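Following: one structure in structure tokens, then a few remarks.
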Amino acid sequence: MLYLSSLIFISISIWAENAALALFLGIILASYKEVPANFFTQKYGSRILQTGIVFLGGSLSLDSFYEINSSYFLLISLYVISAFTLVLLVGRIFGVSKKLTYLLGSGTAICGGTAIAAVGPAIKAKPEEFTTAITIVFLLNALAVILFPIAGDFFNLSEREFGAWVALAIHDTASVIGAASMMGEEAIEVAATLKVTRTLWIVLATTLKVTRTLWIVPLVIGSAWLFRSKSSGFGLPLFVVFFLLATILNSLTVPSEEWTNTFKIINKICLLTGLFCIGTQINIDSLKTISLKPVLLAVSVWLIIIPTSFWLVSVIQ
């Protein structure tokens, strides 16, 4: 019955082509039916999303990747450093534990749940700290998928402006692409490209200690690459590597428009399916155990980031 319900909800999401609907159908299913830990939405949700992003790379070219990042690379780098530092400072003011603050800082500044998952083992975070950080980020992402497109329409943003804004202001890659998909293809391309650039900073987050100063960032990044290559394989999530490879391959082979459109369709299916899966991963019981302080930390910083990133994007344009 759970499989049938999931297939029906996924089909409805794909038919409606609505990212917010896909996410909330997943939440509804998780609310009324217990989703086992070994269910496909729990095991493969992130991989489905990441697969979609890789196929999106197959519809982009190096020219577009460079053109988009040439305007925003410095902005994204400054954003990551500033957002991460802001979370650490506010977390100390609110009295949130150092490890939980670090996890929320990684998720806020870099790549949502992906960054939290990458950073957690490095700082030996407790399971309850994982749950709290990921749940808070998931909830904020769920709100973002709904509210950001409304704000984009209200402020009459172009697809390029909206894609850049969500790439900076929303935590998780899936929600960035989900929000962008409600505005148009150009918004998706800009958002995906910039989000991948932002995700590259996971290398920094996994090794940078709270007591380090930003002046030694280049040294820490170099050390992180060297260390991770020996103990953990890639210093980047594999989907980022494959996204870049797909973009390079697309640039070299120049596939036909039919192939490019096929890649975009696969991306859309994976995106909506993955968002549904994320919805089923939000554990209602875990929400009851979250204290107010980390929620206030994440929300207060986000309320600073949203208008600041909006202003920066408008300046860059």
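Where a number appears in this text, it was derived from the coordinates with a stated rule and is not lab data. Bear in mind that the values here come from a model prediction, so they are computed numbers and not experimental data. Neighbour counts run over all protein chains shown; Cβ positions are idealised from the backbone, glycine included.
A simple spin-label model places pseudo-atoms 7 Å from Cα toward Cβ; at Arg92 and Glu128 they are separated by 2.5 nm. What FRET efficiency, computed as 1/(1 + (r/R0)^6) with R0 = 22 Å and r the Cβ-Cβ distance, is obtained for Lys43 and Leu249, rounded to the nearest 0.05? Calculated value: 0.20. Here the spin labels are modelled as points 7 Å beyond Cα on the Cα-Cβ line, and at Ser314 and Lys33 they lie 4.5 nm apart.
Computed from phi, the 3J(HN,Hα) profile of region 79-91 under the Karplus parametrisation 6.51, -1.76, 1.60 (θ = phi - 60°) reads 4, 4, 5, 5, 5, 5, 5, 4, 4, 4, 5, 5, x Hz, with x in place of Gly and Pro.
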